[in-house]
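My questions will all concern the structure given below.
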Amino acid sequence: MSWPPRPPPVMPSSVAYGTWIPDAEAPSFSPDALVLAAERVREPAYVVHDARGAIGVGFGGHVAPATASATGYPVIGIVPPLYPEWLGDRSFTERYGVRFAYIAGAMANGIATPELVEAMAHAGMLGFYGAAGLPAPRVAEAIDRLHATLTPQGLPWGANLIHSPNEPALERAVVELYLDRGVRLVSASAYMGLTPHLVRFAFSGVRRAADGTIERPRAIFAKVSRPEVTERVLSPPPERMLRTCVEAGWLTPDEAALAATLPVAEDVIVESDSGGHTDNRPLSALFATLAGVRDACVARYGYDRPIRLGAAGGIGTPAAAAAAFGLGAAFILTGSVNQAAVESGLAPAGREMLARAGIADIGMAPAADMFEQGVEVQVLTRGTMFANRARRLYQLYRRWPSLEAIPDADRTKLETEILGASIADVDAATRAFFAERDPDEVRRADADPKHRMALVFRWYLGLSSRWAIDGLAERRMDWQIWCGPAMGAFNAWARGSHLEDPAARGAEEIARNLLEGAAIVTRAGQLRSFGAPVPPAAFAPRPRPLSMPAS
């Protein structure tokens, strides 16, 4: 392999593509003027140089041949308009009927409320209701509301489907509820592999149209952070799983035949270091790796449909959003920053805590839904002792075979400092809960003391997030608030602006500022690539109220 010859050490100003003739407005050469020029993303910009060789940016006017005028400025680059609506993959906005390639993620336990989903839909974006961890009647109520408020207007929306390895009956019940209620878009999270229930939802109703194209009335947005999981969701379902679905009456033979030629998900959410379930991977490394998996699957199976990768995790500033789009993300998904939004289901005091968080005020703690497997979630550590106390529970679980084996001194600390109740009372409450939700769990606990201990500890892990949602003051030090580093980055960016006030953090306000800022950062990079001396301030645009006119 031979490299091309090294270019001469000259600036782009050595080449002129014409002469820019200004109108009344002269080109911008000063640092402050170049910052303002980067903000004018909706106008074509002309990168020019003056007689001294200084590079600047002009707007308006017209371009004439290079020899047409000696009074103009040589043009070394022309940058077309850039709207926030144009960031991301156009096939995403067309497929889902949205204005922006932006998703508000499905924060569990109803933190992503119907109000938040509605705000996203009316803003031309996509939102997912946070159904994970909620009882079926409450999920049904939320879905019915969204159907009534959004579907008649043709506005898209979706809901969460979380993998429940310890409760497969619950996963099946949620899928059946979604199919019965006509939910068309699902954010699938925490899956390490495929399940028949996920496949059932993905391919129910798939058919071949009269023109030969395949129509998929439902779509899975699969959250992934590992190559092997990415490959599974981007491959057709295994034949045995399709056969199971047909034999159970969940798919017709025709639907299964089409499913064998299609990926389970055509939209994949690359989840890097984020709040909640996370592998703590950096987006830049993870996205490139999973994009390679996507490309390999497309080549292997010969897909002729767009297979999109979106980016999530750590997106709390315009620069982060621009970087995600620059990596090739078809769309971006935000989570932690929406948990601090006024439409969030988190208690106001919890949103105040998030608004004070820095990028280091987070830590890992055992997850309630996969406690026994050692799976962790990322949570807020500032203002709460939850992470430390949850880790203590897992240490006890790993060390002792049963609740009765725990030494008296540790039992006392467990009851007084963590549970806030006697082990007997928590055990009774846990048995009553699972007797109604999943009686198999009670039978397992009776047969396995270790599992009984896990259920008691999961009582604390599960309720701690509910205490934060309800704002239970007496358990404030036990609040579990899922949070990633994006929250601290957002707070640092918002400091000194109207978004510093938690009461001003509407979901649309957050999203539009991130997208507008991402367009400005992208434009600043374009100008700099032509040699314009764009100062650092152009890459950190300040938030502004939606009521303020855009540039």
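What follows is calculated from the coordinates using simple rules that are stated; it is not laboratory data. Note that this is a predicted model, so its numbers are computed, not measured. Positions of Cβ are generated from backbone atoms using ideal geometry, with glycine treated the same way; all protein chains shown enter the neighbour counts.
Over all distinct alpha-carbon pairs, what is the Kirkwood Rh of segment 31-87 in angstrom?
12.4 Å
On a 0 to 90 degree scale, rounded to 10, what angle separates helix 423-437 from the longest Cα axis of the chain?
So the helix axis and the longest Cα principal axis differ by about 80 degrees.
Here's something else I'd like to know. In Å³ and rounded to a whole number, note down the convex hull volume per residue for the Cα atoms of the chain.
Taking the convex hull of the Cα positions in the chain, it is 194 Å³ per residue.
Using amide H atoms built in the peptide plane, which far-off residues or other-chain residues are under 5 Å from Ala188 H to H?
Residues meeting the criterion, in which the H sits 1.01 Å from N, are Leu161, Phe221, Ala222, Lys223.
Moving on to the next point. With a cut-off of at most 12 other beta carbons within 10 Å, and DSSP calling the residue loop, which GluC sites (Glu not before Pro) in segment 408-462 qualify? Please list them.
Filter output for segment 408-462: empty list.
Could you list Ile103, Ile78 so that the one with the fewest beta carbons within 10 Å of its beta carbon is first and the one with the most is last?
Exposure proxy ranking, most exposed first: Ile78, Ile103.
Going by amide H atoms built from the backbone, whose H comes under 5 Å of the H on Glu43, apart from near neighbours?
For Glu43, the qualifying residues are Leu82.
Measure nothing but the geometry: give the 0 to 90° angle between the long axis through the Cα atoms of 283-301 and the longest principal axis through the Cα atoms of the chain, rounded to 10°.
Compared with the principal axis, the helix lies near 80 degrees.
For Tyr73, what charge total do you get from the other residues with a beta carbon under 14 Å from its beta carbon, if Lys and Arg give +1 and Asp and Glu give -1?
Working: positive: Arg52; negative: Asp23, Glu25, Asp50.
So the environment of Tyr73 carries a net charge of -2.
Can you tell me the Rg and the Dmax, both Å, for the Cα atoms in segment 92-346?
Spelled out, the Cα radius of gyration and Dmax of segment 92-346 are 17.1, 50 Å.
What number comes out for the charge environment of Thr213, summing +1 per Lys or Arg and -1 per Asp or Glu over other residues with Cβ under 12 Å away?
+1
Measure nothing but the geometry: give the 0 to 90° angle between the long axis through the Cα atoms of 485-494 and the longest principal axis through the Cα atoms of the chain, rounded to 10°.
50 degrees
Same structure again: Quick one: net charge of Ser91's neighbours, Cβ under 12 Å, K/R +1, D/E -1?
0
So if each residue of separation counts as 0.36 nm, and I subtract the Cα-Cα distance between Ala148 and Ala492, what length gain in nm does that give?
Value of the extension gain: 120.0 nm.
Rank by packing, highest mean first: peptides 489-496, 401-408, 455-462, 131-138, with packing defined as the count of other Cβ atoms within 10 Å averaged across residues.
Those peptides, ordered most packed to least, come out 455-462, 489-496, 131-138, 401-408.
Per residue of segment 112-129, what does 6.51 cos²θ - 1.76 cosθ + 1.60 with θ = phi - 60° give for ³J(HN,Hα)? Whole Hz please, x for Gly and Pro, Karplus curve as stated.
7, 7, x, 4, 5, 4, 5, 4, 5, 4, 5, 8, x, 10, 10, x, 10, 5
I would also like to ask the following. What number in nm² do you get for segment 380-459 if you take the convex hull of its Cα atoms and divide its surface by four?
5.6 nm²
Can you give the FRET efficiency for Asp501 and Tyr301, using 1/(1 + (r/R0)^6), R0 = 60 Å, r = Cβ-Cβ distance, to the nearest 0.05?
My answer for the efficiency is 0.75.
Further question on the same structure: Points 7 angstrom from Cα along the Cβ direction at Arg207 and Glu404: gap in nanometres?
6.1 nm
Around His277, which amide H atoms from residues at least 5 apart in sequence, or from another chain, sit under 5 Å from its own amide H, with H modelled in the peptide plane?
For His277, the qualifying residues are Gln378.
Sticking with this one: Normalised by the residues of segment 92-346, what does the relative contact order come to in percent, with Cα pairs under 8 Å and at least six apart? Don't jump to the answer; show the numbers that get you there.
Numbers: 482 pairs, mean separation 47.1, N = 255.
Relative contact order, segment 92-346: 18 percent.
Can you tell me, using C-alpha contacts under 8 Å and at least 6 residues apart, the relative contact order of segment 350-493 as a whole percent? Walk me through the numbers before you get to the answer.
On the way: 181 pairs, mean separation 55.1, N = 144.
Once normalised by length, the contact order is 38 percent.
Next up: Please list 3J(HN,Hα) in residue order for segment 341-356, calculated via the Karplus relation 6.51 cos²θ - 1.76 cosθ + 1.60 where θ = phi - 60°; whole Hz, with x for glycine and proline.
6, 5, 7, 5, x, 6, 4, x, 5, x, 5, 5, 4, 5, 5, 9
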